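**Q** Sharing a structure here in structure tokens format.
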Amino acid sequence: MKSLRPLLLILTLLLNFSCAEKKDSTDPTLPEVSEAETKDPLKYVELSVPSGEIIETSIAYTYKDHQKGLQGVKEEEFDDNDGNLFFYLKTSPRTFWMPNTYFNLDIFYLDENLKIIDIVWNMEHYTGSVDSEIPRAPTITSRHVLEMKNGSPISSKLKVGDHLGWNSRLSLLQTESKIRQQL
């Protein structure tokens with residue numbers, strides 16, 4: 001009988017395990033996981049604005065990403081709550097211009113803590129290739145730059161002095177550290 005005890009214990013555990021109620025992602029008792037926590041934190045972040053709304057934001061931190069920006073993106077491919085964050089590792093003068101773009105943008109210049117320090121509203125798009133006729137935003141010293149569709153319900157509420165929240169599984173400083181390692 002003594003030799004059967006371990007076997008009975010194992011069978012009982014297996015039976016309990018197989019009969020246990022399995023939780024799925026729609027189970028209201030499980031903590032909700034945001035989209036920002038499931039995506040690559042070096043490519044995507046949710047930025048929260050003072051009103052509580054969320055900007056679904058792609059991150060551009062490589063030279064190639066900075067050069068490409070939103071070139072080739074059609075208006076219907078970029079939602080009103082989408083953003084493109086140009087992530088830089090130091091504060092410098094920044095000039096933005098938009099070759100091969102298909103919609104006007106609101107451009108938000110941010111400091112290292114994501115505080116809006118300047119805004120260019122309704123920056124004209126330019127569907128041609130690179131040449132001297134492309135409209136350019138004024139040069140503004142900033143750490144990061146956020147582009148959003150001109151006149152979107154979220155962008156039109158933002159103002160100089162607003163702070164954006166960083167919602168990702170990596171903090172802003174951790175993101176910067178990882179980007180430094182990548183470059």
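**Q** Cβ under 15 Å from GLU77's Cβ, GLU77 left aside: what net charge do those residues give with Lys, Arg +1 and Asp, Glu -1? Please list the in-between numbers first.
**A** Details: positive: LYS68, LYS74, LYS149; negative: GLU56, GLU75, GLU76, ASP79, ASP80, ASP82, GLU147.
Once all neighbours under 15 Å are counted, the net charge is -4.
**Q** For ASN122, project a label point 7 Å along Cα to C-beta. Then give me every residue of the range 89-104 with its amide nitrogen under 17 Å of that point.
**A** Within reach of a label on ASN122, which here means backbone N under 17 Å from a point 7 Å along Cα→Cβ, the range 89-104 contributes 103-104.
**Q** In a shell of Cβ-Cβ distance under 10 Å around LYS115, excluding LYS115 itself, what net charge do Lys and Arg (+1) and Asp and Glu (-1) give? Don't skip to the answer; put the middle values down first.
**A** Details: positive: ARG143; negative: ASP111, GLU112, ASP162.
Charge balance near LYS115 sits at -2.
**Q** With r defined as the distance between the Cβ atoms of LYS39 and ARG136 and R0 fixed at 35 Å, what FRET efficiency is calculated, to the nearest 0.05? It would help to have the intermediate numbers written out before the result.
**A** Working: r = 32 Å, r/R0 = 0.91.
Approximately 0.65, to the nearest 0.05.
**Q** Is there a pair in LYS43/LYS159; LYS68/LYS115; LYS68/LYS90; LYS115/LYS149 whose C-alpha atoms are over 22 Å apart, and which pairs would that be?
**A** Details: LYS43/LYS159 25 Å; LYS68/LYS115 24 Å; LYS68/LYS90 20 Å; LYS115/LYS149 19 Å.
Table pairs above 22 Å Cα-Cα are LYS43/LYS159; LYS68/LYS115.
**Q** Of all beta bridges DSSP finds with both residues in the range 56-167, what is the antiparallel percent, to the nearest 5?
**A** Numbers: 20 of 26 bridges.
The antiparallel proportion sits near 75 percent.
**Q** Where Lys and Arg each count +1 and Asp and Glu each count -1, what net charge lies around PHE96 among other residues with Cβ under 9 Å from its Cβ? Before the final figure, lay out each step's value.
**A** Numbers: positive: ARG94, ARG136; negative: GLU147.
Result for the local shell: +1.
**Q** While we're here: Shape of the range 122-183 from its Cα gyration tensor (a ≥ b ≥ c, root eigenvalues): rounded if a/c is under 1.5, otherwise prolate when a/b > b/c, or oblate? Please list the in-between numbers first.
**A** Details: a/c = 2.35, a/b = 1.42, b/c = 1.65.
It comes out oblate by the Cα gyration axes.
No lab work stands behind these numbers, since they all come straight from the coordinates. Remember, predicted model here, so these are calculated numbers, not experimental data. Using ideal geometry, Cβ is built from the backbone for each residue, glycine included, and neighbour counts are taken over all protein chains shown.
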